[in-house]
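In what follows, a structure is listed as structure tokens, so that the remarks can point back to it.
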Amino acid sequence: MRQLTIAGVLALAIALQSALAAWHPLAYLDLGLILVVYFALQREALQALVVGAAAGFATDALSHGLLGAGGFSKTLTAYIVFLAASRVMLDTTLLRIPVLAGATLIDNVIYVAMNRLFGHPPTMPFIQNVAYKIIATTIAGTILLYFYNSMFSAPARQRRQFSVRRRVARRPGVLRRR
């Protein structure tokens with residue numbers, strides 16, 4: 001059931017990103033990358049890699065660009081963010097903002113490098129494109145990470161909370177008041 005929810009949210013994000021590409025200020029928003037970063041920050045490596053590959057290939061297919069460059073860049077970005085999240089606790093909002101900005105930078109550098117490697121020139125200057133994407137994706141991503149957190153991890157958080165209570169209640173050697 002959870003995989004269907006993830007697939008639905010991913011399809012909605014890709015469709016919305018494709019629809020928003022016509023409106024110039026929101027054309028720089030990368031909704032698929034925000035979803036990839038969310039799963040990588042949840043320390044779910046396989047889901048982050050699968051979502052990254054699916055989001056990248058779907059974005060490439062809809063944008064008529066180099067097929068595979070977006071999939072590779074988002075998958076590699078998911079892996080790098082997962083490695084960082086597994087080594088450092090990145091559970092607060094203040095730490096997620098630079099992670100989103102860094103993930104956007106990594107994704108764009110890899111994407112542009114892949115396009116240049118295969119002879120596809122960029123449509124606008126690299127620095128301008130990266131700056132707009134970092135700003136748009138970081139602002140929208142900060143808001144959407146709260147939404148994704150409430151949508152995907154509420155039952156898991158509740159299970160963890162109850163398991164801590166049970167561990168404390170079952171601890172041997174502790175005197176209980178009557």
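Odds and ends about this structure:
- Ranking of His120, His24 by count of other Cβ atoms within 10 Å, fewest first: His24, His120
- About the Cα centre, charge dipole magnitude for the chain (Lys/Arg +1, Asp/Glu -1 at Cβ), debye: 1820
- Pairwise label distance in nanometres, Phe118 with Thr92, each label 7 Å out on the Cα-Cβ vector: 4.2
- GNM result for the chain, Cα springs below 10 Å: residue of Ala22, Ala69, Ala84 fluctuating most strongly: Ala22
- Residue of Gly52, Gly102, Gly65 that the Gaussian network model of the chain assigns the largest fluctuation, springs spanning Cα pairs under 10 Å: Gly65
- At R0 = 45 Å, FRET efficiency that the Cβ-Cβ distance of Arg2 and His64 yields, to 0.05: 0.90
- The Cα atoms of region 2-168 cover 61, 29, 27 Å along the three principal axes, with the biggest extent listed first.
- GNM flexibility winner over the chain from Arg96, Arg43, Arg87 (Cα, springs under 10 Å): Arg87
- Charge-dipole axis of region 2-168 as Lys and Arg at +1 and Asp and Glu at -1 on Cβ define it, positive-most pick from Gly8, Pro125, Leu62: Gly8
- The order of Asp91, Asp30, going from fewest to most other C-beta atoms within 10 Å of their C-beta, is Asp91, Asp30.
- Counted without the sites themselves, the longest stretch of the chain free of chymotrypsin sites (Phe, Trp or Tyr not before Pro) in a DSSP loop having at most 13 other beta carbon atoms within 10 Å is 24-117.
Quick note: the coordinates plus some simple rules give every number you see, no bench work behind them. It should be emphasised that the depicted structure is a prediction, and the values quoted were computed from it without experimental measurement. Cβ sites come from the backbone with ideal geometry, for glycine too, and all protein chains shown count toward neighbours.
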